[in-house]
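Engineer: Before we start, here is the structure in question, set down as C-alpha cells.
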Amino acid sequence: MADIIQLLPDHVANQIAAGEVVQRPSSVVKELLENAIDADATIIKLIIKDAGKTLVQVIDDGKGMSVTDARLSFERHATSKIRTADDLFQLHTKGFRGEALASIAAIAHVELKTKQSHDEVGTSIIIEGSHITSQDVVVTPKGTSISVKNLFFNIPARRNFLKSNVVELRHVIDEFHRVALAHPNISFIFYNNGSEIFNLPVSNYRQRIVNVFGSKTNEKLVPVIEDTEVLKISGFVGKPEFAKKTRGEQYFFVNDRFIKSAYLNHAIVSAFDGLLKNGMHPSYFLNLTVNPQSIDINIHPTKTEIKFDDEHTLYALLRSAVKHSLGQFNIAPVLDFERDPNLDTPYDYNQKTSHTPAIEVDRSYNPFKDDHISGKQLTAFKKQTLSNWDSLYVGLESRGTKTEHDFSEVHFESYNNTESLFEDDKSLDSPQTTYQLHNKYIVSTIKSGMLIMDQHRAHQRILYEDFLENLTVRGASSQQLLFPLQLHFSKQDIEIIKQLKEDLEHTGFIFSSVNNETIEITGVPISIPESEVSIILEQLISDVENEVPDSHFSVTDLLAKSLAKSLAIKNGQPLKKSEQEHLVNSLFACKEPNVSPTNRTTFVTMSVDELDKKFI
Ligand code: ADP
Ligand code: MG
C-alpha cells in the first residue's frame, strides 16, 4: 500500500495551533499586549470594536521590527525571545513560543505596521488566513501597530461559538486588567467602540489598582511586603470588611505574569481565617518574584498556569505574610459581623432602616386569566380534581406522564382554597398541612403520602418564572425611592450595567444616571428591598461574568435567574405557616415546578406505601 502520512501545510498547522492559543477576542488582546510589553513599549493603546469580534488593534511605541523580522514574525516557531531550550528557564519576556502571530494570522485579517527608531520608513504587511496579500513601505511612527479584524472569518463554527458582546467584552477587560496591573510603569489607553474606557497613566502599584478599579478602592487596601531568599512578595490584600460575595478581584502575578493558582489562593484564604463571613472572598493583588529557574511556565499554551519547584514553601510564606499584614494593620478588632448592616450601605444616607426581605410571591398571577370559568364549571372542576388527588401527585413524581395542564389544575384549585390541596375535605376544619424541617425543608402531607420541598430552590423557581414574565410579557412595576440611591462600581462593572440597563428597566429598575463609576437609581422592582439592591447588582454582574460556557446565553434568562437566586428565601430562614403554604401553592402554580432555574430538584415525594415498606 502507498504511504499515507503527509506533513500538514503550514496554514493548516497554524489553524490547528490557533485552536489552542486563540479561543476568543480576549486571547488576541492578551497576545498583542504581551508582545508590545516585550518590545519595551512605554505607551500602549488597545482599540476594540464589538467586543473584539470585528477589531482588536494594539498600538505600541516599542522597538518595532526590521523588514525581515516583520515578515518572519508570522512564521510559526519564529521568535526573537529564546534561542535554546535552556532559555525557557531564564525567561524575562512574556512570549517565547513564537506561535501567537502565526496563529492569529491563520484565522483573521491582520494588518501590521512597524518601524524601528533608527529607520526612516517602516513596513506594512497585510495577511489574511496565513496568506500575505501585500507588503509595502509606509510612513509610520516608531513602534508597532497590529490590527486583527474579523476573527475566525474562515472558521464559522468558532465564530458562532463566541458569546454575546457583553460576555466577550468582559473577557477582554479581564485580560486588560491582568496586563495593566502587572505593569504600572507602562501607560495604557483602552477604547471600545470609539469611547475611552481606561486611561491609565504611569503610576505606582497602589495608584494603578485604584485607577483600574475606581477611587473607592484606595481605602480598602492593606499593603503586604515580604522579602526572603526564595520569594519576594509585594502588593495588597483587601480589608476583610470589603470582601466580596463573588470571586472578583483576585490577582497573582509571578515575575510580572498573571497566573491562576488554586493552591496559592488557598494560602490567602487561610490567612483570612476567622475574619471573613462564610462564602465571602477576599480581594488581593499580589506580586511574587521568584527565581525564573524555579518555575516552569511552559506547561500551558496560554501560560496562565505555572509549575513551582517548591509550592509548599511559597504557600507558607504567602500565608504568613498576609496574616502579618492583616494583624499589623489592626484589621481584626474593627470587625463585627453583627453590626447594623445599614452602616455598611454604600449609599449616601444611612438613616433609613432596612427591612428583612419578605416572601413576595405574586398573588395576582393567574394562568387562567384569559379563560372565563363560570361558577358552575368551577364546582365541577373542583369535584373532579378533588377525587383525583392521588393521580395528580403521581403525575408530579414523574414528569412527562402528565401534561402540563395538571399542574395548572393544582394551581387553580389551590388558589381558591389553599387547604384543600393537601387534605381531604373532611379535615378542613383545622388543617396541619405543612411543617418546616430544620428551617430548610417544607414537609407537607399529600394524599398519597408526603412531599418534602427545598424552600430555597422552590422559591427560586417561583421568582424566576415571575421575573421572566415581567421581562418578556408585562412591564414590571417599580417602587419609587424617596431619595435616589447612589451606588459605586468599578468601570468594568459599569460597562456590564450599561449593557443590561434596558433589561433591568423591564424588571422595574429606574436609572437616573449611569456614569463612570457611579449609578443613580430612583426606582427598584417592588419585590426588591432597597437595602439589597447593591448586593443583587453585584451578584448579577458576577453571574454575567461567570456565565457557564456552552450554555445558551440570554441576558433575560440570566437576569431572571440571578435575581431569583439573590432574592429567594435562604435556607435557615424560619417561615410562618401561611408562608410555607403559600410557597407550596405557588410552586405548583409554576410551569416547571419540579426543578429550580438551575435544574436542581425542588421537591421529592414519598408515598405511604414506601413508608410502609420502611416499617416492615
Ligand atoms: P513570541 O512572542 O512568542 O516570540 P509572537 O508570535 O507573539 O511570538 O511574535 C513573534 C515575534 O514577532 C516576536 O518574537 C517579536 O520578535 C516580534 N514581535 C511581535 N510583536 C511585536 C511588537 N509589538 N513589537 C516588536 N516586535 C514584535
Ligand atoms: Mg508573543
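The values are calculated or read from the model by the stated rules, or taken from the named source; none is laboratory data. Small disclaimer: the values here were computed from a predicted structure and weren't measured. Here Cβ is always computed from backbone atoms with ideal geometry, including for glycine, and neighbour counts include all displayed protein chains. Heads up: the accessible areas ignore ligands, DNA and RNA and are worked out on the full protein's heavy atoms, side chains in. Shrake-Rupley method; radii C 1.70, N 1.55, O 1.52, S 1.80 Å.
Engineer: ³J(HN,Hα) across region 227-244 via Karplus (A = 6.51, B = -1.76, C = 1.60, θ = phi - 60°), whole Hz, x for Gly/Pro?
Structural biologist: Rounded to whole hertz, the list is 9, 10, 5, 7, 8, 10, 10, 9, x, 9, 10, x, 4, x, 5, 9, 4, 10.
Engineer: What figure, in Å² to the nearest 10, do you get for the accessible area of K30 with a 1.4 Å probe and non-protein molecules left out?
Structural biologist: 20
Engineer: Could you point to the residue in I510, M450, A564 farthest towards the positive end of region 435-587's charge dipole, with +1 and -1 charges on the Cβ of Lys/Arg and Asp/Glu respectively?
Structural biologist: Selected residue: M450.
Engineer: How high is the FRET efficiency from N204 to S512, r the C-beta distance, R0 45 Å, rounded to 0.05?
Structural biologist: 0.80
Engineer: A further question follows. With bins 10 Å wide starting at 0, give me the P(r) of region 10-202 over every alpha carbon pair, in whole percents.
Structural biologist: 9, 37, 39, 14, 0
Engineer: OK, next. Any idea how far apart E196 and S477 come out in nm if each label point goes 7 Å out from Cα toward Cβ?
Structural biologist: Roughly 4.6 nm, to one decimal.
Engineer: Also, quick follow-up: How much length is gained if the chain between K576 and T133 is pulled fully straight, taking 0.36 nm per residue apart and subtracting their Cα-Cα distance, in nm to one decimal?
Structural biologist: 152.1 nm
Engineer: Here's a follow-up. Name the residues whose placed amide hydrogens come within less than 5 Å of the amide hydrogen of V254, ignoring near sequence neighbours (fewer than 5 apart) on the same chain.
Structural biologist: Amide H to amide H, under 5 Å and 5 or more residues apart or across chains, V254 pairs with I259, L288.
Engineer: With θ set to phi - 60°, apply the Karplus curve 6.51 cos²θ - 1.76 cosθ + 1.60 along region 486-502 and write out the HN-Hα couplings as whole Hz, x wherever there is a Gly or Pro.
Structural biologist: Calculated HN-Hα couplings, in order: 9, 10, 9, 9, 6, 4, 6, 5, 4, 4, 5, 4, 4, 5, 9, 3, 4 Hz.
Engineer: Same structure, new question: With a Cα-only, solvent-free Debye model of region 435-587, what are the log10 I(q)/I(0) values at q = 0.09, 0.16, 0.18, 0.21 Å⁻¹?
Structural biologist: The Cα Debye sum returns log10 ratios of -0.34, -0.92, -1.08, -1.30.
Engineer: Also, I was wondering about something else. May I ask for the net charge around E111, where only other residues with Cβ less than 10 Å from the Cβ of E111 are counted and Lys, Arg are +1 while Asp, Glu are -1?
Structural biologist: +1
Engineer: I would also like to ask the following. Using θ = phi - 60° and the Karplus curve 6.51 cos²θ - 1.76 cosθ + 1.60, what whole-Hz ³J(HN,Hα) does each residue of region 260-267 get, with Gly and Pro shown as x?
Structural biologist: 10, 8, 5, 5, 5, 4, 4, 4
Engineer: Given a Förster distance of 51 Å, report the FRET efficiency between L276 and A2 from their Cβ-Cβ distance, rounded to the nearest 0.05.
Structural biologist: For R0 = 51 Å, the calculated efficiency reads 0.15.
Engineer: Sticking with this one: Given contacts defined as C-alpha pairs under 8 Å and at least six residues apart, what's the relative contact order of region 206-331, whole-number percent?
Structural biologist: Across region 206-331, relative contact order equals 29 percent.
Engineer: Need the full-extension length gain, E592 to I526, defined as separation in residues times 0.36 nm minus the C-alpha distance. One decimal, nm.
Structural biologist: Length gained between E592 and I526: 21.4 nm.
Engineer: Share of region 1-55's accessible area from carbon and sulfur, percent, 1.4 Å?
Structural biologist: 57
Engineer: Residues in region 250-284, backbone N under 19 Å from the label point at I535 (7 Å along the Cα-to-beta-carbon vector): list them, ranges by number please.
Structural biologist: Under cut-off, by backbone N: 275-283.
Engineer: Sequence-distant or interchain residues sharing an amide H contact under 5 Å with G449, placed H: which?
Structural biologist: V608
Engineer: If I take R0 = 22 Å and measure r between the Cβ atoms of H92 and D227 in this structure, what FRET efficiency does the formula 1/(1 + (r/R0)^6) give, to the nearest 0.05? Mind dumping the intermediate values first?
Structural biologist: Working: r = 20 Å, r/R0 = 0.92.
That gives a FRET efficiency of 0.60.
Engineer: Which three lengths, in whole Å and largest first, does region 206-331 cover when its Cα atoms are put on their principal axes?
Structural biologist: The Cα atoms of region 206-331 stretch 37, 27, 27 Å along the principal axes, largest first.
Engineer: Using a cut-off of 12 Å between beta-carbons, work out the net charge of the residues near S566 (Lys and Arg +1, Asp and Glu -1, S566 not included).
Structural biologist: After counting each charged neighbour, the total is +1.
Engineer: Could you list log10 I(q)/I(0) for region 48-105 at q = 0.24 Å⁻¹, which the Debye formula gives when each Cα is one point scatterer?
Structural biologist: -1.10
Engineer: Please report, to one decimal in angstroms, the Kirkwood hydrodynamic radius of region 156-266 built from all distinct Cα-Cα pairs.
Structural biologist: Roughly 16.0 Å, rounded to one decimal.
Engineer: Moving on to the next point. Any of K591/K614; K239/K576; K216/K277; K216/K323; K149/K561; K53/K142 with alpha carbons more than 30 Å apart? Name them for me.
Structural biologist: Beyond 30 Å between Cα atoms: K591/K614; K239/K576; K149/K561.
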